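Beneath this line is the structure, given in structure tokens, with notes to follow.
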Amino acid sequence: MARPPVTFEVLLTQGAEQDLESLYGYIAEFDSIASADHVLNQLLHVTQGLGLQPERGSYPKELLALGIKEYRQTFFKPYRVIYRINGSQVIIYLIVDGRRDMQTVLAHRLLGN
């Protein structure tokens, strides 16, 4: 008999929630509400999918270069979702347009620099 899949609780930090709100507002203003809805739905689908397979994400190269392997990332291109697995939880820290200066964004949000 097959075992049921192990599921992880997916949590968004306040910063990640603000990221979603900012992305939605920007896309709605400069493109359309329909596009903003689509991007939001896809990003939420990606984040919820982490509840079943959180290890599927890669390590962000900017952090890997510093020897940091506690964070992972997944994509809905060009957007990057940066998260960490903590026990039975997946904590999402950052949802950002990957075309930004990621070194600065990651240093500020995750490393407190």
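The values are calculated or read from the model by the stated rules, or taken from the named source; none is laboratory data. All of these numbers come straight from a predicted model, not from anything done at the bench. A quick note on method: Cβ atoms are made from the backbone with ideal geometry, for glycine too, and the neighbour counts reach across all protein chains shown. Each accessible area value is taken on the protein alone, full model and side chains, heavy atoms only, with ligands, DNA and RNA left out. Shrake-Rupley method; radii C 1.70, N 1.55, O 1.52, S 1.80 Å.
When the criteria are applied in full, E55 meets the requirement of being in a helix (DSSP H, G or I), touching a residue at least 24 places away in the same chain (Cβ under 8 Å) and open to solvent by 90 Å² or more (accessible area, probe 1.4 Å). Residues of segment 63-85 that are surrounded by 14 or more Cβ atoms within 10 Å (Cβ to Cβ) and more than 25 Å from Y24 (Cβ to Cβ): L63, I68, I85.
When the residues of segment 86-102 are narrowed to those that are touching an Asp or Glu at 6+ places or on another chain (Cβ under 8 Å) and open to solvent by 40 Å² or more (accessible area, probe 1.4 Å), which ends up farthest from V46 (Cα to Cα)? Give the steps one after another, and end with the answer.
Let us first name the residues in segment 86-102 that are touching an Asp or Glu at 6+ places or on another chain (Cβ under 8 Å), namely 88-90, 94-96, 102.
Within this subset, residues satisfying the condition of being open to solvent by 40 Å² or more (accessible area, probe 1.4 Å) are 88-89.
Working: S88: 18, Q89: 15 Å.
Per the stated criteria, the residue is S88.
Report yes if V6 is over 19 Å from A107 (Cα atoms), aliphatic (A, V, I, L, M) and surrounded by fewer than 11 Cβ atoms within 10 Å (Cβ to Cβ), otherwise no.
Numbers: over 19 Å from A107 (Cα atoms): yes; aliphatic (A, V, I, L, M): yes; surrounded by fewer than 11 Cβ atoms within 10 Å (Cβ to Cβ): yes.
The answer is yes for V6.
Residues in segment 12-41 that are within 24 Å of I85 (Cα to Cα) and open to solvent by 60 Å² or more (accessible area, probe 1.4 Å): Q14, E17, Q18, E21, N41. All of L40, L63, L23 fail the test of being of a type outside the set (D, E, K, R), under 14 Å from R109 (Cα atoms) and not in a strand (DSSP E or B), apart from L63.
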